[in-house]
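Comments concern the structure below.
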Amino acid sequence: MPHIFVPMPSSTLRRVAAPLVAAALLATAASCASIGGTLTAPAEHTVITKAKDLRPDKPYLSEDGDKPGMLIGPHYKLAVSGYTATTEVPEDNARVYGFDQPMAVPDDSEFFLAIMDGKSQVHSNEKVKAELTVNDKKRPLDRLPGPSEAIAAVIPAKADVKLTVTDEEKSQTINLRDGKRSEQIDGYYNGGLESDDPVDYDSKGKITADAGAQYEKEKRTLNISMKVGAATKAPWIESKGWADKGKVWVSVPISDMTTDSVYGFAPGSHEPGVDWTLKERELFSLNPNEGKATDSKGKESFKADQSSQTTDGTSSLFSPSEVTLLFQVSDKTTKAELKISPRGKMKAVWANVTGSCSWNDKPSAKEISLAFK
């Protein structure tokens, strides 16, 4: 005796839900029409499901590094590997399409499955709005698919099918037939979004400390070092929002800023400690492969003095000892040179007098390569 199915309102059928819930609802809502004993799926069935280990029948092909299938925004990174189109869903794949039993499509329709690979990331579904456009008809999605998930839909055969995602009030659109973007934010697709791990900085300089008539002039060597982390590149960041049109933000983490200026003199000598202050905008600049060199946007000052935390008896940390540098450069930037030029202000400190300092040999101004691949 055939099962009786109760139709549900079309608005309910359009909802995108978790795979198991969707399977139950849609199986209940399916039309009682059948093709050769196989039930026919609802005409506007749209659901996000687990793709298991399925691979698309139609993978996207890359042309000149154009990153087909990629759609990236402030709170998501979609990597669509391709799609599969079919007219029947067998029992072993039914749940991938949002059903709990075999299904056929209505006349002149097809099942469409866009599959995400494991590189997809969704940081916050609350921040994004997504919709599927089939020909000219929009189907809102409750959320974006995550890694190894899929968008399954019943659509007219050969229909245009596009995914549009709006994040921080900017929209991008990808054609799910070929993986090409018809609407995009260029800064996300020119080169990589993270640099290779760069080399760290260390150098030394020589100064003369002068206390006037109190002491003879003293010569000292000052060492300075810091760690440089992998840089990131993005058109939008949490602290600043969107970069100017045609620009991206480049962020570079700096840590463990260390010097022996305060405690690096020989025990028992009259050689002075040196208080040293460096300003962020004078210390760091970035020279991108596109556009002009620019100073760091921050206003931090780094101080090494008698209150500084020692690290090994002779060296101490600047305060603060870490900072994330921020630069705004062309969105076509794929590599850049981070220039570090320690100069700043110095003061020589004896037990009972302070004096001036002058450079005999300044620390090297080094350029550290950042390559976004």
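When E282, E322 are checked against the criterion of being within 30 Å of G191 (Cβ to Cβ) and touching a strand residue (DSSP E or B) at 6+ places or on another chain (Cβ under 7 Å), E322 stands alone in meeting it.
Listed here are the residues, each with its yes/no results for (1) on the phi > 0 side of the Ramachandran plot; (2) touching a residue at least 60 places away in the same chain (Cβ under 8 Å); (3) in contact with a His (Cβ under 9 Å, 6 or more places away or on another chain); (4) not in a loop (DSSP other than H, G, I, E, B).
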{"residue": "E63", "(1), (2), (3), (4)": "no, no, no, no"}
{"residue": "D66", "(1), (2), (3), (4)": "no, yes, no, no"}
{"residue": "F111", "(1), (2), (3), (4)": "no, yes, yes, yes"}
{"residue": "G118", "(1), (2), (3), (4)": "no, no, no, no"}
{"residue": "K129", "(1), (2), (3), (4)": "no, no, no, yes"}
{"residue": "P145", "(1), (2), (3), (4)": "no, yes, no, no"}
{"residue": "A152", "(1), (2), (3), (4)": "no, yes, yes, yes"}
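Filtering the stretch 333-370 to residues that are within 16 Å of S285 (Cα to Cα) and among the small types (G, A, S) leaves A336, S341, G344, S364, A365, S369.
In summary, strands (runs of 3 or more DSSP E) completely within the stretch 176-279 and bearing 1 or more residues that are surrounded by fewer than 17 Cβ atoms within 10 Å (Cβ to Cβ) occur at 181-183, 201-210, 218-228, 247-259, 273-279.
Within the stretch 177-194, residues that are closer than 17 Å to I151 by Cβ and at pLDDT below 95 reach no partner that is basic (K, R) and not in a helix (DSSP H, G or I) with beta carbons closer than 7 Å at six or more positions or on different chains. Scoring D331 on the criteria (1) acidic (D, E); (2) buried (at least 16 other Cβ atoms within 10 Å of the Cβ); (3) free of Cβ contacts under 8 Å to residues at least 24 places away in the same chain leaves a single failure, condition (3). Among the residues examined, L286 qualifies as closer than 19 Å to V228 by Cα, surrounded by 20 or more Cβ atoms within 10 Å (Cβ to Cβ) and in contact with a Phe, Trp or Tyr (Cβ under 7 Å, 6 or more places away or on another chain).
Screening the candidates K339, K347 for the property of being in a strand (DSSP E or B), in the same structural domain as D210 (by TED's automatic domain parsing), closer than 15 Å to P253 by Cα and not hydrophobic (A, V, I, L, M, F, W, C) yields one hit, K339.
The values are calculated or read from the model by the stated rules, or taken from the named source; none is laboratory data. Given the structure is predicted, the values throughout are model-derived calculations rather than measurements. Backbone-built Cβ (ideal geometry, glycine too); neighbour counts: all protein chains shown.
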